[in-house]
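Worksheet: the structure to be examined is printed underneath.
The values are calculated or read from the model by the stated rules, or taken from the named source; none is laboratory data. Owing to the predicted nature of the structure, the values given are computational and were not obtained by experimental measurement. Here Cβ is always computed from backbone atoms with ideal geometry, including for glycine, and neighbour counts include all displayed protein chains. Side chains are part of the model used for accessible areas, which takes the heavy atoms of the whole protein and leaves out ligands, DNA and RNA. Shrake-Rupley method; radii C 1.70, N 1.55, O 1.52, S 1.80 Å.
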Amino acid sequence: MATTSAKTSDDNEPAAILACRNVSVEFPQYGAAASVALRDVSLNLRAGEVLGLVGESGSGKTMLARAIMRLVPPPGEIAKGSIHFDGKNLAELDQESLRKIRGRDIAMIISNPRGELDPLQTVGQQIASVLRHHLDLDRKVARDRALDLLKQVSIPDPQRRLDAYPHELSGGMAQRVVIAIALACSPRFIISDDATSGLDVTVQAQVLELIRSLVSERGTSMMFITRDIGITAHYCDRIAIIYAGEIMEIAERAVFFDDPQHPYTVLLLAAFAQNERLRRYWLGEDKARENSGPSPVGCSFQNRCVRVRERCRTDHPALIERQPGHLVRCHYPVERS
């Protein structure tokens, strides 16, 4: 396949509701260089779009979500870059301004609903408090709206669940309550951080379908964070792959699955496909590697890549647009014959 002329990820991008530009998150270390959790991350989300962010544990998925929410745990900090939401640079807002945006315009669904819910308040009280804080509703109107939200997320017997405490709910129902809280103020952007990872397969499918349909109905943009690349084929419009704190590949869903180009992307797809021969080849199980982690010099994936060459060890690859809308961070991307 012939490559198009190289173009960086910042060129000719359409207007976006969320735009991250060269975002780096670092954790200072005493007597040593700072630990880099995110490195020059650039991506955008269009209005009404669902972007899947895929990577293994520790790849930086949740750290990116925290950076967007301005909730990087101390002593970590956003070392550089900008995060623009609806034209405002979130990295420059004070805490009061951020509190007005969180929950109202930007919401987050996490993977541990029981950790998110207050065990001392009923479901109805928790949903209503969000509505009263952001929309200034009175108690009765907020409670009625909370009941409507429970109906929207298909909670069985919503009137009774309104006065239930979190410990009285199943895992699937608790997750639906968290979704209801996230959607309470009709936010324009939602982050779903592995929101269904703790649920059984049947409940997971139901919750995923619920999230997708509610987001579609409301025209909400969503960043869908997951470790399961297969889920993105059904629920996402575009897919971004992250590894060692860097975006490795971004493409529209159809292009992504038809023509994956980064070796790490192909590795993930091979594992998902349950193809033993392909998995062994892309995992490089026939190659002994002393260090399988990211390298501080050159390409961060070099120690796990079966296509590694000398240039990969010395020259850090840029995120290049090889085709319209298809960006890849690799010196020697996979090309279909």
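Worth a mention:
- Any hit, the stretch 300-320, residues being part of a strand (DSSP E or B) and modelled with pLDDT of 90 or more: yes
- Taken over the stretch 318-328, the criterion of being in contact with a helix residue (DSSP H, G or I) (Cβ under 9 Å, 6 or more places away or on another chain) and closer than 15 Å to residue 263 by Cα is satisfied by 326, 328.
- Every residue from the stretch 240-258 that is assigned to a helix (DSSP H, G or I) and in contact (Cβ under 8 Å) with a residue 12 or more places away in the chain: 253, 255, 256, 257
- All conditions but one from (1) on the phi > 0 side of the Ramachandran plot; (2) touching a residue at least 40 places away in the same chain (Cβ under 8 Å) apply to residue 163; the one that does not is (1).
- Residue check for residue 91: crowded, with 21+ Cβ neighbours inside 10 Å, on the phi < 0 side of the Ramachandran plot and assigned to a helix (DSSP H, G or I): no
- Of all residues in the stretch 166-179, those being in a helix (DSSP H, G or I), free of Cβ contacts under 8 Å to residues at least 40 places away in the same chain and surrounded by fewer than 15 Cβ atoms within 10 Å (Cβ to Cβ) number 1.
- If you go through the stretch 195-239 and keep only what is outside any helix (DSSP H, G or I), surrounded by fewer than 21 Cβ atoms within 10 Å (Cβ to Cβ) and hydrophobic (A, V, I, L, M, F, W, C), you end up with just 199.
- Taking the stretch 104-156 as the range and being among the acidic types (Asp, Glu), part of a helix (DSSP H, G or I) and under 24 Å from residue 86 (Cβ atoms) as the test, no residue passes.
- Any hit, the stretch 240-255, residues being crowded, with 17+ Cβ neighbours inside 10 Å and under 19 Å from residue 108 (Cα atoms): yes
- Residue count for the stretch 27-69, restricted to those that are open to solvent by 60 Å² or more (accessible area, probe 1.4 Å) and not small (Gly, Ala, Ser): 8
- Breaking point among (1) among the charged types (D, E, K, R); (2) out of contact with any Asp or Glu (no Cβ under 7 Å at 6 or more places or on another chain); (3) open to solvent by 60 Å² or more (accessible area, probe 1.4 Å), for residue 102: (3)
- Test for residue 22: is it surrounded by fewer than 16 Cβ atoms within 10 Å (Cβ to Cβ), within 24 Å of residue 327 (Cβ to Cβ) and either in contact (Cβ under 8 Å) with a residue 24 or more places away in the chain or touching a Pro at 6+ places or on another chain (Cβ under 6 Å) (or both): yes
- One residue stands out in the stretch 105-139 among those that are modelled with pLDDT of 90 or more and of a type in the set (S, T, N, Q): the one that is surrounded by the fewest Cβ atoms within 10 Å (Cβ to Cβ), namely 121.
- Among the residues of the stretch 321-330, those identified as surrounded by 18 or more Cβ atoms within 10 Å (Cβ to Cβ) and in a loop (DSSP other than H, G, I, E, B) are 329, 330.
- Positions within the stretch 182-192 being under 16 Å from the mean Cα position of the chain (by Cα) and either open to solvent by 20 Å² or more (accessible area, probe 1.4 Å) or among the aromatic types (Phe, Trp, Tyr) (or both), in sequence order: 188, 189
- Here residue 152 clears all of (1) open to solvent by 30 Å² or more (accessible area, probe 1.4 Å); (2) more than 23 Å from residue 217 (Cα to Cα); (3) not aromatic (Phe, Trp, Tyr) except the condition numbered (2).
- Of all residues making up the stretch 297-337, the number that are of a type in the set (A, V, I, L, M) and touching a Gly at 6+ places or on another chain (Cβ under 7 Å): 1
- Only listed residue being open to solvent by less than 30 Å² (accessible area, probe 1.4 Å) and either at pLDDT below 95 or part of a helix (DSSP H, G or I) (or both), chosen from 295, 337: 295
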